[in-house]
1. Looking at ALA171, is it of a type in the set (Gly, Ala, Ser) and either under 21 Å from GLY311 (Cβ atoms) or in the same structural domain as SER208 (by TED's automatic domain parsing) (or both)?
2. Are there helices (runs of 4 or more DSSP H) fully within the stretch 16-79 with at least 2 residues that are surrounded by 12 or more Cβ atoms within 10 Å (Cβ to Cβ) and modelled with pLDDT under 85? List them.
3. In the stretch 285-296, how many residues are in contact with a Phe, Trp or Tyr (Cβ under 8 Å, 6 or more places away or on another chain), modelled with pLDDT of 85 or more and within 26 Å of GLN238 (Cα to Cα)?
4. Please count how many residues of the stretch 86-112 are among the hydrophobic types (A, V, I, L, M, F, W, C) and at pLDDT below 90.
5. Kindly provide the set of residues from the stretch 226-274 that are part of a helix (DSSP H, G or I), of a type in the set (Phe, Trp, Tyr) and either modelled with pLDDT of 85 or more or touching an Asp or Glu at 6+ places or on another chain (Cβ under 7 Å) (or both), ordered by number.
6. I'm trying to understand the selection: among the residues of the stretch 161-179, which are at pLDDT 85 or above and not in a loop (DSSP other than H, G, I, E, B)?
7. So which residues in the stretch 135-176 are under 30 Å from LYS73 (Cα atoms), touching a Phe, Trp or Tyr at 6+ places or on another chain (Cβ under 7 Å) and surrounded by fewer than 23 Cβ atoms within 10 Å (Cβ to Cβ), if there are any at all?
Amino acid sequence: MVTEIYVDNIIFGSTSQKQVDEFVHLMQEEFEMSMVGELNYFLGFQIKQCKEGIFISQTKYAQTLVKRFGLEKARHMRTPMSMNQKLTKDEHGKNVDPSLYRSMIGSLLYLTASRPDISFSVGVCARYQATPKESHLKAVKRIIRYVHGIAEYGIWYSKDSNSHLAGYSDADWAGNIDDRKNTPGGYFYFGNNLVTWYSKKQSSISLSTAEAEYIAARSCCIQLLWMKQMLEDYGLQQRLLTIFCDNKSAIDISNNPVQHSRTKHIDLRHHFIRDLVESKTVVIDYVATEKKLADIFTKPLDTTRFEKLRGEIGLCQL
């Protein structure tokens, strides 16, 4: 029996159904609980298992979302966000119903649990929930039209895999038009399977691409260390953790423990990555830009590259 507790959430499992039933009964006697089956129903998860692996999708939820907002007859889009569109506060734009806009964003955020391909675009649109404009609503509707076209897609988890942790980091330097802050993104593999990802705007402004990529790699390190600790609680030991980055300058900064003019302005909290590299806990490896899968979490892409990366991170139709 394995049990994982995080704040007020509990994940448990066992090879014995009897143990699972006994644990459920015991917890329900002590606490008021919502079972995972109820959560799966609410979020529309469909889980299909076979000898080769597990396929997780939210097809029914996605289809319901499209109908809820009246876009079932709208033309499908092949990408969730246009490369030519840069969202801003649009202070002179026409106001739209904020309740409707927030409802759309909230519904899409639930869908990102199985659809990492929309994480970046939903995150960008979520920045404008306070005073949404017509341009923002148009961008959200495009995401829903994209979801409508491939509602059956989900994540494939193969059983034919190793147990090595690896992370991929990226950053879109000064990509936000309003404040010129960066949007770092990262995704993490356990063997051949994508297990978690993030796309979040940084709170500080970076002065160069190298600095933005360096800070993104630092965020990646934090996530990997947490995952390593969790896996060790399950008895799965991890050795050297690998982070892939396409910026050689950021890798050089990580490997150089000496403070110099290029890095003295960077907040000290970001430099702990150097200690991890020096202690051989983490290694930062170079990956060519064309093979950088994390691009899908940091910037809008053209149709060809977006669809290529979407397939490579494990999104497919069973």
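1. yes
2. On the way: elements: 17-30, 36-43, 59-68.
Result: 17-30, 36-43.
3. Counting residues in the stretch 285-296 that are in contact with a Phe, Trp or Tyr (Cβ under 8 Å, 6 or more places away or on another chain), modelled with pLDDT of 85 or more and within 26 Å of GLN238 (Cα to Cα) gives 3.
4. Taking the stretch 86-112 first, the residues among the hydrophobic types (A, V, I, L, M, F, W, C) are 87, 96, 100, 104-105, 108-109, 111.
Filter once more, keeping what is at pLDDT below 90: 87.
Number satisfying all stated conditions: 1.
5. Listed by number, the list holds a single entry, TRP226.
6. Across the stretch 161-179, the qualifying residues are LEU165, ALA166, GLY167, TYR168, SER169.
7. LEU137, TRP156
Residues are listed down the side, and each one gets a yes or a no for (1) under 16 Å from GLY44 (Cα atoms); (2) crowded, with 20+ Cβ neighbours inside 10 Å; (3) in contact (Cβ under 8 Å) with a residue 24 or more places away in the chain; (4) of a type in the set (D, E, K, R):
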site	(1), (2), (3), (4)
TYR101	no, yes, yes, no
TYR110	yes, no, yes, no
ARG115	yes, yes, yes, yes
ILE118	no, yes, yes, no
GLY123	no, yes, yes, no
ALA126	no, no, no, no
LYS133	no, yes, yes, yes
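The values are calculated or read from the model by the stated rules, or taken from the named source; none is laboratory data. Model, not experiment: these values are computed from the prediction. Methodologically, a virtual Cβ is constructed for each residue, glycine included, from the backbone with ideal geometry; neighbour enumeration extends over all protein chains shown.
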